[in-house]
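Notes for the one structure printed next.
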Amino acid sequence: MKPDVSLVRDGKKFMWDGRPYVSSEEALQAAEAYRNDKFEICLAEVEGQFLVYTRRVVTAATVMTQ
């Protein structure tokens, strides 16, 4: 299995967390941990494996000048 590294849902780009999960419950636990860290999450099932995709909008960036 070689899942897509990213996917677009509702016009938003999500990135795969890189780990295939054996069960939907395991994937939901991981997704909830990401959600608690302020990520948006998206779950997908590919060839019997469950995948968690995440995204987080940058709200502020630090700019360094020399």
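Observations on the structure shown:
- Residues of the stretch 1-49 classified as touching a helix residue (DSSP H, G or I) at 6+ places or on another chain (Cβ under 8 Å) and open to solvent by less than 50 Å² (accessible area, probe 1.4 Å), total: 3
- Selection within the stretch 37-66: residues that are at pLDDT below 95 and β-branched (Val, Ile, Thr). The member of this set that is nearest to LEU7 (Cα to Cα) is VAL46.
The values are calculated or read from the model by the stated rules, or taken from the named source; none is laboratory data. These figures come from a predicted structure and were not determined experimentally. Cβ: placed from backbone, ideal geometry, glycine included. Neighbour counts: every protein chain shown. Quick note on the areas: whole protein, heavy atoms, side chains included, nothing else; ligands and nucleic acids left out. Shrake-Rupley method; radii C 1.70, N 1.55, O 1.52, S 1.80 Å.
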